[in-house]
Amino acid sequence: MLKQSFYIVAPLAGISLALAVGCKQEAESMPAQQVPQVEVITIATQRVPDEPEFIGQAEASRPVEIRPQVTGILKAVLYREGRDVKQGDRLYQIDPIPFQGAAASAKAKIAQAEARLVQAKQDLARVKPLLAEQAVSQKDVDDAVAGELAAEAALQGAKADLIKTQFDLDNTLITAPIDGLIERSRYYEGRLVSAQTDLLTVIHRVDPMYVVVSVPETFILRRRRDVEAHRIQHPGVYKLRGALTLMDGTVYPNEGVLDLLEPGLRTETGARQFRITFPNPKRILLPGQFVKVRFKGDVKTEAVLVPQRAVLQGPTGPFVFVINDEEKVEMRDVVASDWKGSQWLIDAGLKAGDRVVVNGLMKIGPGAPVQAVPWVSASASRTEPVSPAAQ
């Protein structure tokens, strides 16, 4: 029995030994797996313009309401609606006849008051010499003096009435107080309009134009911290400029200047309002128009820029692959805030000296060993253009 077992085990041992020798020879004959090569850039901070962009709304630099100064019947609308008007152009005519009559009556009252004053002066001139001769009493002289003063007062009152009636008469013709675009008329011929109550129309001065932007409180606080930490060089609020992009993507040709910063936050929105003035000679901007406003003037002093293709999107947000000191791949979450040409501006996640993978992303994964080579300019021009700010 033992002899039979020996004859069974001995061939099995021989087979196992042969398999082990064969596997070793096969392993020695297989070539070693190559480490993938990737192209990287080494992060270096630089100075770049920091130009945040917000949505703004255009409004006329001077919206002027046209209201009647007198109550009367509207006789004529003298302008073409929706057109340009110049300062002094005639807009409305209110029936002037009642006011002409009032002005004529005021002039007649002035004439009466002047006549009474002449009579009062003559009366005083007659009684004064008689007082010395005791032909009249002191009371008679006092009455004559009082009569002259009363006549002078009545004359001044009549002249004041003429000023008021002449003002009313002049304001029966309503003229444009400024140059601008005029709206349609709210009222037309035959309507009784009330002084300082009824809104007839509105004139909009559209050159220059205002653009009002609401900036969130969170952005203002973050920007203040960056300025205090010298991460952003800030020239001063009223030295900032504005660049406009219309909603169809057209770049507005003229830059604006920031001319008003509201002192407080709006409680309903938690934002602070900025106002930028833009020249508008061709009437491209119109009241109520929404635009994109990019603030220019701030400079980020230690900006980190990476090519757009190096930034990938993961479940938790953007990330990049970084090569560590052991020449292995690490996945690094980043905060990519804005585009600068063909590059991403990275606000957080990278620092100077980090090596970021640009080419060869499909061949690697976290923890994989790699051979990192610089992303030279020739390779960059062949695969991804680099903006002048990155060179």
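None of R222, R241, R205 is surrounded by 13 or more Cβ atoms within 10 Å (Cβ to Cβ), in contact with a Leu (Cβ under 9 Å, 6 or more places away or on another chain), free of Cβ contacts under 8 Å to residues at least 60 places away in the same chain and over 30 Å from Q112 (Cβ atoms) except R241. Here is the figure for the range 86-106: residues that are in a helix (DSSP H, G or I) and over 12 Å from L169 (Cβ atoms) total 0.
Among residues of the range 34-45 that are part of a loop (DSSP other than H, G, I, E, B), those with a Cβ under 7 angstrom from a residue that is among the charged types (D, E, K, R) and open to solvent by less than 70 Å² (accessible area, probe 1.4 Å), sequence gap 6+ or separate chain, pair up as I43/D354.
Out of A160, A125, I need the residue that is open to solvent by 60 Å² or more (accessible area, probe 1.4 Å) and not in a strand (DSSP E or B). Which one? Answer to the check: A125.
Filtering the range 347-391 to residues that are at pLDDT below 85 and among the basic types (K, R) leaves K363, R382.
Scanning the range 225-237 for residues that are of a type in the set (D, E) and loosely packed, with under 12 Cβ neighbours inside 10 Å yields a total of 1.
Is the range 135-144 home to any residue that is in contact with a Phe, Trp or Tyr (Cβ under 6 Å, 6 or more places away or on another chain) and outside any helix (DSSP H, G or I)? Scanning the range 135-144 turns up no residue that is in contact with a Phe, Trp or Tyr (Cβ under 6 Å, 6 or more places away or on another chain) and outside any helix (DSSP H, G or I). If you go through the range 44-69 and keep only what is in contact with a Ser or Thr (Cβ under 6 Å, 6 or more places away or on another chain) and at pLDDT below 95, you end up with just R47.
The number of residues in the range 121-167 being aliphatic (A, V, I, L, M), over 60 Å from the mean Cα position of the chain (by Cα) and modelled with pLDDT of 85 or more comes to 4.
Filter the strands (runs of 3 or more DSSP E) completely within the range 168-253 down to those with at least 1 residues that are charged (D, E, K, R).
It comes to 201-216, 241-246.
Kindly evaluate I94 against the criterion of being surrounded by 16 or more Cβ atoms within 10 Å (Cβ to Cβ) and over 30 Å from R294 (Cα atoms). Please lay out each step first, then the result.
On the way: surrounded by 16 or more Cβ atoms within 10 Å (Cβ to Cβ): yes; over 30 Å from R294 (Cα atoms): yes.
Yes; evaluated as a whole, the condition is true for this residue.
Here is the figure for the range 327-368: residues that are open to solvent by 40 Å² or more (accessible area, probe 1.4 Å), of a type in the set (S, T, Y) and not in a strand (DSSP E or B) total 0. Of all residues in the range 128-148, those satisfying the criterion of being open to solvent by 60 Å² or more (accessible area, probe 1.4 Å) and either of a type in the set (S, T, Y) or touching a residue at least 12 places away in the same chain (Cβ under 8 Å) (or both) are K128, D140.
Scanning the range 49-90 for residues that are surrounded by fewer than 16 Cβ atoms within 10 Å (Cβ to Cβ) and under 13 Å from the mean Cα position of the chain (by Cα) turns up P52, E53, I55, Q57.
The values are calculated or read from the model by the stated rules, or taken from the named source; none is laboratory data. What you are looking at is a predicted structure, and each value in this text was computed from that prediction instead of being measured. Here the Cβ is made from the backbone with ideal geometry for all residues, glycine too, and neighbour counts use every protein chain on show. Calculation scope for accessible area: heavy atoms of the full protein, side chains included, ligands and nucleic acids excluded. Shrake-Rupley method; radii C 1.70, N 1.55, O 1.52, S 1.80 Å.
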